[in-house]
Structure formats: C-alpha cells, structure tokens
Amino acid sequence: MKLVSMWPFRHAGLKVISLALAVALWMAVSGEEVVERGLRVPLELQQFPQGLELSGEPFTLVDVRVRGGSGTLGQVTSSDVVATLDLRAARPGRRLFQLTPENVRVPFGVEVVQVTPSSIAMVFEKSATRQIRIAPEIEGNPAPGFIVGAVTTDPKTIEVTGPESAVARATEAVTEAVSVAGARARVAEVVRVGLLDPLLRLKTQRSANVRVEVLPGPRERTVGQPVHLRNLGPALAAQALPPAVDVVLRGSREGLSRIDPGDVTAYVDLAGLGLGDYSLTVAAEASNDAGVARILPPAVQVRITRAKN
C-alpha cells in the first residue's frame, strides 16, 4: 500500500517543469498581439490544359494581406505564401478567374484576410507550331578591300511554338552576332538562336552554324602616288627611281568612290640603310574604305648619298 500511494509522485520534478513550460507558452500565445501584414507573393498556375497557350503576359505576383500573432508573422516571408489558380476549366477566349483567400497557401497560425486583385482575366489561344527562317546577325566590317558575300545558316529554319496568333505573325528567329571585323576570309561560328516575341519559344534546337563568306572587293581603282622616303638617316639624301608608282585599290563601288588621292600613301622604309644603291619594295596605305591590291611597279631603285651642306 505504501508503494502504490507514492507512485503519483515519481519524477515529480520533471512534471513540475513541464507544467510550468506549458503555462508559460499558453500565457505567451494568449497575450501575443494580433497584427496584419501585406505581402506580394507568387501566383502559381495549376492544371494548365493541354493544347492551350496564354496570349499576353500572365500575372506572376499578387498582393495578399495576412493576419496572425506578431511573433508568427514576424517569421513569415513572401516565399512562405503562395497563391494558386486552377486552370483546368480554361477554354479558348477571354476567361475570368476569381482569387479568394482559399486560393492562398499559408503557414499554420496565419489567416488570409484579402487577395488583390480579387479576379484575373486571361486570354487563351490554341497552341500552334511552324518553321520560320533563321536570320543571322552580322557585325563589323571586313579588312579594307574586302566585302561580305553570301551568309548561310545550318539549319536554315527552326521550329517555334506558342499561341496561334503569335506563331502566325512570326517571320524569323535571330542569332547572336557573328563578327567579321577585319576578316579576309570566310568566318564560321556556332551561335545561339532566339526569339524576340516573348510569347514564342523554340521547340527543340537552340543553336545554328553560321557561315559568312568574305571576298575581295569586286572593283578596282588606280591612284598614282609619289614614293615617300621614310626613316632616312641624318646627314643623308635619297632619291627613288621611278619617283612615283600606281597604287591599285580594291573594294566596293561605294567605298572606292569615297577615296580621295590624299587618303593613299606609297613609301619605302630606309631605316638602318647607309650610303649605296638599293632595290626596295614599295608599301602603301589607304583608308578603311578600300584595300591595296597591288603596286606597280612593286619595287623602286633608291640611291642614298651624303646630304649637301
């Protein structure tokens, strides 16, 4: 009888501590201030019907007003709250969907007071797919005297999908820019393909091989120029024979028409040369509108003598 009567008092210390904690928790909760907060939260579209597309930019965020204890709401962030919209009943055309507190998922102890907007209008279209051409973007200018020739892509077209109206008005897909700056020969690159219309998307392939032919300009123009003697040493004199050459320029008709004779310079470099007779190759410089195709004659005779006082 003595043992039985003492059983309720076993572990009495632990029981007292548990009771005290429970009372303290109840007092904290019951005395916690109730507050409201506004949150901008993501809108999740669920049960999207097969074969339908949204026409126009959909709502991605909504404003939700929530209520709860100050301690609880103090720990709630926008990522803890999600608004959902069930689209399984959607059909082609303009449709109106109601947003109520029941459409919002919140943590335990949090109440949804209001959702803004309370309704959302969406326009649905049937999904469509078709092939459109790839239009490569070329940037920069080839080396002087060269022009851009044929530009090809592999594949030539790419499949896109999206709302019927957007697919119908699509004409081309764009690419990353392919640079031909300073090029003197064919340029080939693998580049990414994209679409300017945000309602469209690529169905499969997302890259293309772009090949740009860079060719010598189709036209020539001859400019007569005196031969300049560069880097002649001190106390020396020099003379070139013949004293002038013909510089043959190559480029497009438009580029050659912009060339002024003053834009072209023919010269020989005498750096490090002393007294004597030399056969030297003539070099030439021209503007960026044309390139130097050849110089006639390609070399001149140069005699270097002492300068007369």
Give, rounded to the nearest 20 debye, the magnitude of the charge dipole that region 231-299 has about its Cα centre when Lys and Arg contribute +1 at Cβ and Asp and Glu contribute -1 at Cβ. 140
I want to check a number: in the chain, how many lysine pairs have alpha carbons closer than 27 Å, given a sequence separation of 8 or more or different chains? 4
Region 236-309 - accessible surface per residue (Å², probe 1.4 Å): 57
So, in Å, what gap is there between the alpha-carbon centers of region 90-131 and region 207-229? 61
Could you check which residue among P92, P234, P163 shows the biggest mean-square fluctuation in a GNM of the chain with a 10 Å Cα cutoff? P234
Could you check how much of the accessible area of region 163-279 is carbon and sulfur, as a whole percent, using a 1.4 Å probe? 50
Could you give the dipole magnitude of the chain about its Cα centre, charging the beta-carbon of Lys and Arg +1 and that of Asp and Glu -1, in debye to the nearest 20? 560
Mean 1/r over all different Cα pairs, inverted: what Kirkwood radius does region 134-240 give, in Å? 17.4
So which chymotrypsin sites (Phe, Trp or Tyr not before Pro) in region 95-194 pass both tests, a DSSP loop state and at most 14 other Cβ atoms within 10 Å of the Cβ? F108
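The values are calculated or read from the model by the stated rules, or taken from the named source; none is laboratory data. If you're wondering where the values come from, they're calculated on a predicted model, not measured in any experiment. Every residue, glycine among them, receives a Cβ derived from its backbone with ideal geometry; neighbour counts consider all protein chains shown. These area figures cover heavy atoms from the full protein model, side chains too; ligands, DNA and RNA do not enter into them. Shrake-Rupley method; radii C 1.70, N 1.55, O 1.52, S 1.80 Å.
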